[in-house]
Structures are given as C-alpha cells and as structure tokens.
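K.L.:
Okay, handing you the structure first.
The values are calculated or read from the model by the stated rules, or taken from the named source; none is laboratory data. Keep in mind the model is a prediction, meaning the values are calculated, not measured. All Cβ positions, even for glycine, are placed from backbone atoms using ideal geometry, and neighbour counts span all protein chains on display.
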Amino acid sequence: MAAPLLPLASLPFPSEAPYRIDQVMAAPAAMGLAFVALVLNAAAISWAARAGAGRRWLWWALAGLQLLLVTGFFTLASWGTSDVTKLSHFLAFDLSMVRGEPFWTLLAPLLVRLPYRMALAHGLVVAGYAAAGLLLARAWSAAAWGGWWALLLCGSPLMRNFLQNGVSRQALATLLLLPSLLWAGRLLAPGTRLRPVAVLGAVWALLVHNSTPASLTLALLPRLLASPVGHSLPQRRPGRRTLLLGLALLLVALVLLLAGAGPVVLAKLQAYISRESYFHRYPLSVAVGRLQLAMAIGVVLTLWRRRLGWRALLGCGLSRQLAVFGLLYLLLQRALALDWQGPLLSRFTDPVGLFLLVIWLAWLVRHRCLWAALPALVVTLDHWMLELLPSSLTLGCGRNDAFLCIPDRWPWQIDYGPVP
C-alpha cells in the first residue's frame, strides 16, 4: 500500500484547479480483475436472457449485480480525479462551487457523509448510465444485449470527460434528459407513458446543472427530425396535452433562471467565451476515432444486410436523427481541433456523444441488425483492456489527477482536509 505523499491537512487546499490529489495508489491488477468481472457478468446477462421466461428473475438479479459492480468500479477509479477531490473537500463548508444548482446544495449534507464522498456519488451516476443501457435493451426486446449496452454507455470513449474525468454534475443532468430524447425521437413504442417522465427528468436536470437549457435543446432536436411513425407502431402527433406540458416546462425553466441560476449561467458563459483558455481534447483522441469508425461499419453492414437505399434512409426519421447527431459530433470535433470556442463547446461533446450512441443503437434495433454493434463493442472493450487498464501501471498516483488512481485506505481513514 502506497503512503500518501503529503497529508491533506498539512497544506492549504488549492482554490483553483488542478486540485491536490493524495491518499491514492495504483492497483492495476485489482482494477483489471474488477473490469473482467463486469465483462463476465455482461455475458451472464446474455445467457440469462435466453434461459426462458421462467428465469426472468435471473436476468434482473444479474442486471442488479452489474449495477453494483459498475458503482464499485467507478467509485474507486474516480477517487483520484480533480473534480471529485474538489467537491469532496468544499461541499463540507463552501457551496459556492455549486451556485445555481439547488440539487447539489440540498444534497451536500448527505454527500459529505457518504463513504468516499463525491467518489461514491460519481459511481452512482455512472451506474445510472449502465441502468439506461439495461432498461433500453428490455424496452427494445433485446434483453440479451443489456449487459453489453451497459458497458457501451458507461465505458464509451464518447463520454470520456463525463465518466472518467469525474464531471458528475453535468453527467447526471444529461442522463436525466435521456427520457426527453426518447420522447422527442419517438424511440419507444406507443403506449409508453414517457412524457411525464421526460418532463420530470427535464425539470430535475434544471436543478442539477447550469448547462441543462442547452443540453435540453439538443435532446429535443429529434422532434424536428422524427417521422410521424413511432419505433414500431403508429403514434399520434403531438396534441394539446403535449403543448401544455412543453409550456409548463418552459415556464419552470424561466422561473428557475430568474430565481438565481440566470446570472450564474451568464457569468459562466462570459467566462468560457472571453477568459477561459483550457478545454479537454478527448473527442480528438484515437480511441474516439476508432469508435466512430466502428459505428460507421455497423451502419454500412446494416445497409448491406437490409439492402437499404438512399430513398429509404431519407424517409426514415431515425436515419435523419442519426445523420444529424453524427454531423454535430464531427462539427464539435472540428471546432476543438481549430481551437474555436473550445472552453464552451467542449462541454457539449459528451451530451452529443451520449445522444448519438443511443440513437445509433435504436437505429440498429429498428433495422433488426443488433449484431452490427459488435465492432463498436470490441473497440470499447479493447480500449479498456489493452489501453486504459495496462497504462495504470505507470500512473504517478499522488502527483497528478489521473483516473484509475484508487483510495489507499478505508473510507473512515480518509482525511479531507481542514475546514476553515
């Protein structure tokens, strides 16, 4: 067990990033085995889905185990990241870090009592992404793919900043907007009571992170592209109730902005445009490029297998959604490569990446080519098994804020620094 370089209480905690990381160690063998357990459990979920209706409980039991494994893995792996360290320290006495985000302000007294504090909160957020993959697989009659889709979502290089950099607050807000995307794109079968869930999720997201208005606009964009035909059955066009729900949501958003979030959002927007210079470049990584190529291969294989032509694609609302979000992600990548408004635009690469991945899976389901997701799954697992986990052997844990630097002691032994 590695000893911390410096006790946290021996120096004043930094007021600006990068925040000091200590009380950490590298454990590549243990984390490698934990990830293998995730892969094996995903395979067990596939087996359980084919075990017959009498054993449906087994699928749910293994799905629950998958969520526990994801929570534990990402709780430990995110312990050494800067955002997690910052919030674990400051939420105990200074809530200015979450100004304009009432959810975190109200939850702060609970968060500082959790084992590993914000690291466990982040693990739970990532488990929410895994749960989305499992539930979508059930909803789309693809239960055997549930465990694999969970790994695709929570391990995807497209969400590198959210899920492997500890950006828990915006990651949760974006996850809460997923029902809005499903409703706007008509991605679930008619009869699914999705609108109340979408409205509730959107209002909740507005309380979670200041970026929600922009992310909500992205989530609702498919409504302009979707066909009047739903995922598999005819669906009614938006009626008066839908309009009233939309107006109510807009009113709630306006009230929240006027109540205090508005000035915070405007101040941050001005800072990102005029003063900030740092931004992450994860979308430009080789891993993201390989995943984009694998997803494109899946599309080409589906086109070949189903003999789909351009007319069929142009008439398919789901194909239009896939094309628009794929183009959006490419434009964001180009903007980051040219260093154009990077501090602002880099914060929306993960939401677009999540929505793109979900729409892509829905498109494969729509055309009954689930096997075409295999190249993307192989690329994602390869990124973890052959790159991320082996590279943790060389991490300077305690000297930087690397993902996969885990706690070197039990939760009750952690020193979070002095409270002023």
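K.L.:
What tally of residues in the stretch 74-91 results from selecting those that are at pLDDT below 90, surrounded by fewer than 24 Cβ atoms within 10 Å (Cβ to Cβ) and closer than 15 Å to Asp408 by Cβ?
P.N.:
0
K.L.:
Given the stretch 339-420, what helices (runs of 4 or more DSSP H) lie entirely inside it while holding 2 or more residues that are of a type in the set (Val, Ile, Thr) and modelled with pLDDT of 90 or more?
P.N.:
Numbers: elements: 342-345, 349-366, 374-383.
Where helices (runs of 4 or more DSSP H) fall fully within the stretch 339-420 and carry at least 2 residues being of a type in the set (Val, Ile, Thr) and modelled with pLDDT of 90 or more, they are 349-366, 374-383.
K.L.:
Could you list, in sequence order, all residues of the stretch 365-420 that are under 19 Å from Ser156 (Cβ atoms), surrounded by 14 or more Cβ atoms within 10 Å (Cβ to Cβ) and of a type in the set (Val, Ile, Thr)?
P.N.:
Passing the criteria: Val365, Val379, Thr380.
K.L.:
Tell me yes or no: at least one residue of the stretch 325-346 is of a type in the set (S, T, N, Q) and at positive phi.
P.N.:
Here is the first cut: in the stretch 325-346, the residues of a type in the set (S, T, N, Q) are 333, 341, 346.
From what's left, at positive phi: 341.
Checked the stretch 325-346: at least one residue is of a type in the set (S, T, N, Q) and at positive phi.
K.L.:
While we're on this one: With respect to Asp94, is the statement that it is of a type outside the set (A, V, I, L, M), under 21 Å from Leu175 (Cβ atoms) and surrounded by fewer than 22 Cβ atoms within 10 Å (Cβ to Cβ) true?
P.N.:
no
K.L.:
Residues to consider are Gly309, Gly326; find the one that is more than 21 Å from Ser211 (Cβ to Cβ), within 22 Å of the chain's Cα centre (by Cα) and surrounded by fewer than 20 Cβ atoms within 10 Å (Cβ to Cβ).
P.N.:
From the options Gly309, Gly326, the qualifying one is Gly326.
K.L.:
Would you mind finding the one in Leu120, Leu106, Leu134 that is crowded, with 24+ Cβ neighbours inside 10 Å and either among the hydrophobic types (A, V, I, L, M, F, W, C) or out of contact with any Cys (no Cβ under 6 Å at 6 or more places or on another chain) (or both)?
P.N.:
Testing whether each residue is crowded, with 24+ Cβ neighbours inside 10 Å and either among the hydrophobic types (A, V, I, L, M, F, W, C) or out of contact with any Cys (no Cβ under 6 Å at 6 or more places or on another chain) (or both) leaves just Leu134.
K.L.:
As an exercise: evaluate Val98 against (1) modelled with pLDDT of 90 or more; (2) within 30 Å of Gly201 (Cα to Cα) and give the number of the one condition it does not meet.
P.N.:
The single condition Val98 does not satisfy is (1).
K.L.:
Would you point out which residue out of Leu38, Leu33 is under 18 Å from Leu381 (Cβ atoms), modelled with pLDDT of 90 or more, in contact with a Phe, Trp or Tyr (Cβ under 7 Å, 6 or more places away or on another chain) and not aromatic (Phe, Trp, Tyr)?
P.N.:
Answer to the check: Leu38.
A quick yes/no check of all residues on (1) over 30 Å from Leu370 (Cβ atoms); (2) assigned to a helix (DSSP H, G or I):
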{"position": "Phe93", "(1), (2)": "yes, no"}
{"position": "Trp104", "(1), (2)": "yes, yes"}
{"position": "Leu110", "(1), (2)": "yes, yes"}
{"position": "Ala131", "(1), (2)": "no, yes"}
{"position": "Trp148", "(1), (2)": "no, yes"}
